[in-house]
Amino acid sequence: MEDTLLLRQIKNNDEIAFEILFRRYYVRMRDYALFYLHEMHQAEDIVQDIFLTIWQNRKKIDIKTSLKAYLYRSVHNSCIKHLNHLAVSEKYSNSQRLKYEEALLMNKLYFEDGISRLFLKDINEILSESISHLPDKTRLIFELSREEKLKNHEIAGRVNLTEKAVEYHIGKALKLLRHQLRDYLPMIIFILSQQSNC
């Protein structure tokens with residue numbers, strides 16, 4: 001069943017359509033939240049809240065993009081808000097500040113200036129290429145954190161470094177990625193504007 005039809009039926013109080021929507025996107029959205037938060041419980045809570053909000057506001061919800069894009073954007077915004085709250089409440093502990101900076105970096109890549117229209121595959125290729133140019137130890141630590149979703153203390157044990165050194169390498173990776181990716185943004189925007197004129 002197409003997403004647009006599902007959404008129409010949900011607006012008409014169809015609980016089965018809502019359940020189909022939930023089953024279709026829940027795991028993907030949870031994993032996306034987990035990418036930012038690195039905490040399964042928090043990721044699940046955020047995604048469940050988003051689906052609950054959709055159901056509670058089903059009569060008035062107005063989605064101007066695709067339903068999938070709307071869900072990704074909602075999860076992303078909720079994660080940024082959550083990380084910002086954590087960073088403030090913990091007086092910007094280094095670990096929370098790094099997570100927040102990473103979320104802002106991903107926000108720039110995925111959503112600002114029309115980049116949400118860029119295919120995920122293209123973004124991943126650019127990111128992979130940039131990550132491959134990181135110094136070996138920094139790249140290893142960054143990949144353990146982002147791909148294997150290990151916590152800083154777990155990484156520290158695995159690579160035989162202090163937790164503070166792990167935070168340093170993650171911060172270094174984010175700084176280098178920010179620098180390397182800045183040159184791609186104008187080109188990506190240009191390509192997108194050309195595609196939209198075709």
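Checked against (1) on the phi > 0 side of the Ramachandran plot; (2) modelled with pLDDT of 65 or more, Gln180 passes all but condition (1). In this structure, does Arg30 turn out to be within 30 Å of Asn84 (Cβ to Cβ), in a helix (DSSP H, G or I) and among the basic types (Lys, Arg)? When the stated conditions are applied, Arg30 passes them. Contact map, the stretch 29-44: residues that are closer than 17 Å to Leu144 by Cα paired with residues that are outside any helix (DSSP H, G or I), Cβ distance under 6 Å, separation 6+ or inter-chain. Pairs shown: His38/Lys149. Restricting the stretch 148-176 to residues that are of a type outside the set (A, V, I, L, M) and touching an Asp or Glu at 6+ places or on another chain (Cβ under 7 Å), the residue that is farthest from Lys137 (Cα to Cα) is His153.
In the stretch 13-24, the residues that are on the phi > 0 side of the Ramachandran plot reach residues that are surrounded by fewer than 16 Cβ atoms within 10 Å (Cβ to Cβ) with C-beta atoms within less than 9 angstrom, at least six apart or across chains, in these pairs: Asn13/Lys59.
Considering His76, His169, the condition of being assigned by TED's automatic domain parsing to the domain that holds Arg58 and modelled with pLDDT of 80 or more is satisfied by His76 alone.
The values are calculated or read from the model by the stated rules, or taken from the named source; none is laboratory data. This structure is a prediction, so every number in the text was calculated from the model and none was measured. Here Cβ is always computed from backbone atoms with ideal geometry, including for glycine, and neighbour counts include all displayed protein chains.
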